[in-house]
1. Identify all residues within the stretch 149-169 that are closer than 14 Å to LEU122 by Cα and surrounded by 12 or more Cβ atoms within 10 Å (Cβ to Cβ); write none if there are none.
2. Please name all residue pairs, on different chains or six or more residues apart, with Cβ atoms under 6 Å, provided the first residue is in the stretch 90-105 and is in contact (Cβ under 8 Å) with a residue 40 or more places away in the chain and the second residue is part of a helix (DSSP H, G or I).
3. In the stretch 171-185, which residues are touching a Ser or Thr at 6+ places or on another chain (Cβ under 9 Å) and not β-branched (Val, Ile, Thr)?
4. Can you work out which of the residues in the stretch 122-146 that are acidic (Asp, Glu) and touching a His at 6+ places or on another chain (Cβ under 9 Å) is nearest to ASP183 (Cα to Cα)?
5. List the number of the failed condition for GLU159; all other conditions in (1) assigned to a loop (DSSP other than H, G, I, E, B); (2) more than 22 Å from the chain's Cα centre (by Cα); (3) not aromatic (Phe, Trp, Tyr) hold.
6. Which residue is nearest to ILE115 (Cα to Cα), if the candidates are limited to the stretch 173-206 and must be assigned to a helix (DSSP H, G or I) and touching a residue at least 24 places away in the same chain (Cβ under 8 Å)?
7. Filter the stretch 172-206 down to the residues that are more than 18 Å from the chain's Cα centre (by Cα) and among the hydrophobic types (A, V, I, L, M, F, W, C) and list them by number.
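The values are calculated or read from the model by the stated rules, or taken from the named source; none is laboratory data. Worth saying up front: this structure is predicted, and the values here are computed from it rather than measured. Every residue, glycine as well, gets a Cβ built from its backbone with ideal geometry; the counts of neighbours run over all protein chains shown.
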Amino acid sequence: MVSTPRRLQRIGLLGGSFDPVHVGHLAVARAACRRFHLDEVHFIPAGRPPHKPRQELAPFPHRYAMVALACAENAHFVPSLAEAGADYSGRQPHYTIETVRRYRREYPHARLYFIAGVDAFLEIPTWKEYERLLGLCDFIVASRPGYRLEALRLVIPPELLGRTASPARNVIALRHTAVHLLDTVASHVSATEIRRRRQRRQSIHGLVPVRVEEYIVKLALYT
């Protein structure tokens, strides 16, 4: 009897400040799950973003708790402590390449997809060891109206591109990985606007999951 090769586990990595996590994040994760048949999407609250050292964030335990509440609504979503640090304070800076390498060690046989917004991806040349990072995992880039695949290609070093173009639509083939454009998600929700609405004592209903809204209100976050 010939055994059927087992399909590699597919894991999406969705990083961000999640200050707070909102319905836009969840929409991107659901769309990525459907299109790329992901087994799991790990939501990774950032510690202290190295590129935003002065950014004031809600304490890591709050941001992680909100992510955990949001993930509880979907069996494929997993809250991650990958950037919590040894003391779980989330105060240490973490670089994306370090987080991806950690997942590579913990899931050596999985196919990893790093999920990022198009604005973040266009800044990837400023990321630590970004050329190595592009070879460690696939990227799923959540786009907005007006962005085309060629805009993403411009920030990728030519030497990393595959020798032949990918026949698939919205895919840039690299030597060992690929960059995929996810252009089916449009969300105008932003964490900045949610925090502003809280400061003005305005409702955030519908902008965040219900459990997250209850958490924010109960603990008077962002007021």
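1. LEU149, ALA151, LEU152, ARG153, VAL155, ILE156
2. GLY90/PHE60; VAL100/LEU136
3. Selection gives ALA173, ALA178, LEU181, LEU182, ASP183.
4. Step one: list which residues in the stretch 122-146 are acidic (Asp, Glu), which gives 123, 129, 131, 138.
Subsequent filtering for residues that are touching a His at 6+ places or on another chain (Cβ under 9 Å) retains 123, 138.
On the way: GLU123: 18, ASP138: 16 Å.
By that ranking, first place goes to ASP138.
5. That leaves (1) as the condition not met.
6. At the first step, the residues of the stretch 173-206 found to be assigned to a helix (DSSP H, G or I) are 191-199.
Next, from what is left, pick out any that are touching a residue at least 24 places away in the same chain (Cβ under 8 Å): 191, 194-195, 198-199.
Numbers: ALA191: 17, ILE194: 22, ARG195: 23, ARG198: 28, GLN199: 30 Å.
Among residues in the stretch 173-206 that are assigned to a helix (DSSP H, G or I) and touching a residue at least 24 places away in the same chain (Cβ under 8 Å), the one nearest to ILE115 (Cα to Cα) is ALA191.
7. We begin by selecting, within the stretch 172-206, every residue more than 18 Å from the chain's Cα centre (by Cα); these are 172-176, 193-206.
Listed by number, the residues that qualify are ILE172, ALA173, LEU174, ILE194, ILE204.
Every residue, every condition in (1) modelled with pLDDT under 95; (2) crowded, with 16+ Cβ neighbours inside 10 Å; (3) over 15 Å from the mean Cα position of the chain (by Cα), yes or no:
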residue	(1), (2), (3)
ARG104	no, no, yes
LEU112	no, yes, no
GLY117	yes, yes, no
ARG132	no, no, yes
LEU136	no, yes, yes
ARG144	yes, no, yes
TYR147	yes, yes, yes
